[in-house]
Structure formats: C-alpha cells, structure tokens
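Down below is the structure, laid out as structure tokens.
The values are calculated or read from the model by the stated rules, or taken from the named source; none is laboratory data. Since the structure is predicted, the reported quantities are computational estimates derived from the model, not experimental observations. When we count neighbours, we look across all protein chains shown, and the Cβ atoms used for this are built from the backbone with ideal geometry, even at glycine.
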Amino acid sequence: MILKALSFGTLAVLFSLIFIGGYVSATGVGLSCPDWPLCPQGLMPHEDFIIEYIHRTVAATTGLLVLVTTGFVLKSRQVPRGMKLASIIAAGAVVGQITLGAVVIVERLHAVLVTTHLGLGMVLFSMVLMTTIYAFKMRPQGKAVETSQPA
Ligand code: HEM
C-alpha cells in the first residue's frame with residue numbers, strides 16, 4: 001500500500017515538475033536565478049524569479065520522493081527484480097538530473113545541456129512510471145501479478 005501511494009505521489013509531482021520546466025524554458029526565465037543552488041534571496045521566494053524558484057523547489061521535493069521510493073523498494077522483500085532495477089535507475093537519473101540542472105545554470109543554458117536535461121527528465125519519468133506500474137500490479141504480499149499465460 002505504501003509503495004502504491006509513494007510511487008504514484010512521486011509520479012504526480014514529477015509530472016508537474018516537467019510542466020514547470022517546460023514553462024521555465026518557454027518563458028525564457030531560466031537564468032532568473034543565476035546562481036546555484038539558491039535563488040538571489042536564498043530560501044525566500046520573490047516574484048522576479050518565482051517560476052524558476054518553484055522549479056527548483058519542486059525538483060528538490062521530487063529528488064527526495066524518488067530516493068525515498070527507491071529506499072522502500074529496495075527494503076521490501078519479494079518485489080520483482082524489474083521494479084528494483086527501475087527504481088535504482090530512477091534514483092541515478094534524479095541525482096544526475098539535479099546535477100545537470102546545476103550545470104545548465106553554470107553553463108548559461110547551453111543548448112546541448114538543456115536538451116540533455118529534457119531527455120534525462122524523460123528517462124526519469126519512464127522509470128518512475130515503471131516503478132508505479134509494478135507497485136499497482138503487486139499482490140498484497142508483495143508478489144507481482146503474472147500477466148502472461150503459461151504455454
Ligand atoms: C528532477 C529534477 C528535474 C527535472 C525532472 C527537470 C525537468 C525539466 C524540464 C522537462 C525542463 C524543460 C526543458 C525543455 O523544455 O527543453 C526543464 C528546464 C529547466 N530546468 Fe529543470 N528539471 C529538474 C531539475 C532542475 C534543477 C535542479 C535545476 C537548476 C538548479 C533546473 C534548471 C532548469 C532550467 C534553468 C531550465 C530552463 C532551460 C531553458 O531556459 O531552456 N532543473 N527542467
């Protein structure tokens with residue numbers, strides 16, 4: 001039950017983050033917080049950089065959620081191997097994505113880096129989606145439901 005709630009919650013927050021990232025890019029406010037990790041007023045939001053502030057805050061929340069989900073998946077007995085693999089890749093991708101976000105800022109929105117940021121975001125989304133699907137297919141004891149018919 002906890003894995004269903006956690007993975008689905010993580011997926012929903014990540015989905016919102018991808019929207020916010022697209023909005024940051026489309027409105028051209030990617031450098032409104034020119035430093036990393038904090039915006040000009042530290043932890044205080046301000047209307048001058050609110051969109052980028054929200055992107056970073058939701059990214060930090062997403063990072064935490066993905067890592068906590070991975071922790072639960074690895075701790076749970078009898079989760080399918082594919083679920084473990086997907087959540088480990090998701091953990092690596094979220095750490096990579098947040099690091100890449102910092103590099104995007106330092107390199108002043110270099111096109112290749114921004115494109116890679118989008119691509120890695122898709123990998124991350126796919127892995128969290130897979131983890132969520134596995135969680136919803138699990139029986140209460142933790143065994144995934146077998147979908148293929150025996151020959
Ligand atoms: C899990 C973490 C993150 C995800 C999934 C994510 C996702 C995205 C996505 C989908 C975009 C839109 C890209 C495009 O339309 O080409 C974007 C843009 C952006 N992200 Fe992130 N992001 C994350 C973390 C971060 C962090 C930590 C930072 C900076 C500290 C950051 C900085 C940026 C910037 C500056 C842009 C706009 C680039 C531009 O102006 O074109 N991101 N992000």
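In the range 108-125, the residues that are under 13 Å from Gly21 (Cβ atoms) reach residues that are more than 6 Å from the ligand (Cβ to nearest atom) and among the aromatic types (Phe, Trp, Tyr) with C-beta atoms within less than 9 angstrom, at least six apart or across chains, in these pairs: Phe125/Phe15. It is to be established whether one or more residues within the range 47-70 are modelled with pLDDT of 95 or more, more than 16 Å from the ligand (Cβ to nearest atom) and touching a helix residue (DSSP H, G or I) at 6+ places or on another chain (Cβ under 8 Å). Checking the range 47-70: not a single residue is modelled with pLDDT of 95 or more, more than 16 Å from the ligand (Cβ to nearest atom) and touching a helix residue (DSSP H, G or I) at 6+ places or on another chain (Cβ under 8 Å). Residues that are farther than 24 Å from Gly42 by Cα and touching a Phe, Trp or Tyr at 6+ places or on another chain (Cβ under 9 Å) do occur in the range 104-125, at least one of them.
Give the number of residues within the range 74-100 that are of a type in the set (Val, Ile, Thr) and touching a Lys or Arg at 6+ places or on another chain (Cβ under 7 Å). Write out each step before concluding.
Taking the range 74-100 and keeping what is of a type in the set (Val, Ile, Thr), we get 79, 88-89, 94-95, 98-99.
Applying the additional criterion that residues be touching a Lys or Arg at 6+ places or on another chain (Cβ under 7 Å) yields none.
Residues that pass the stated criteria total 0.
Kindly indicate the residue of the range 116-151 that is among the hydrophobic types (A, V, I, L, M, F, W, C) and assigned to a loop (DSSP other than H, G, I, E, B) and also modelled with the lowest pLDDT among those meeting that condition. Only one residue fits best here, namely Ala151. Of the residues making up the range 35-69, those that are without any contact (Cβ under 8 Å) to a residue 24 or more places away in the chain, buried (at least 16 other Cβ atoms within 10 Å of the Cβ) and part of a helix (DSSP H, G or I) are Phe49, Tyr53.
Go through the range 1-22 and give me each residue that's within 8 Å of the ligand (Cβ to nearest atom) and surrounded by 14 or more Cβ atoms within 10 Å (Cβ to Cβ). Of everything in the range 1-22, those that are within 8 Å of the ligand (Cβ to nearest atom) and surrounded by 14 or more Cβ atoms within 10 Å (Cβ to Cβ) turn out to be Leu14, Leu17, Ile18, Ile20, Gly21. Considering each residue of the range 74-91 in turn, none proves to be on the phi > 0 side of the Ramachandran plot, loosely packed, with under 14 Cβ neighbours inside 10 Å and not polar (S, T, N, Q). Scanning for something near the ligand (Cβ under 9 Å from one of its atoms), of a type outside the set (Ser, Thr, Tyr), at pLDDT 95 or above and over 18 Å from Val29 (Cβ atoms), does the range 78-91 turn up at least one residue? Within the range 78-91, none of the residues are near the ligand (Cβ under 9 Å from one of its atoms), of a type outside the set (Ser, Thr, Tyr), at pLDDT 95 or above and over 18 Å from Val29 (Cβ atoms). A residue that is under 12 Å from Met130 (Cβ atoms) and at pLDDT 95 or above cannot be found anywhere in the range 104-115.
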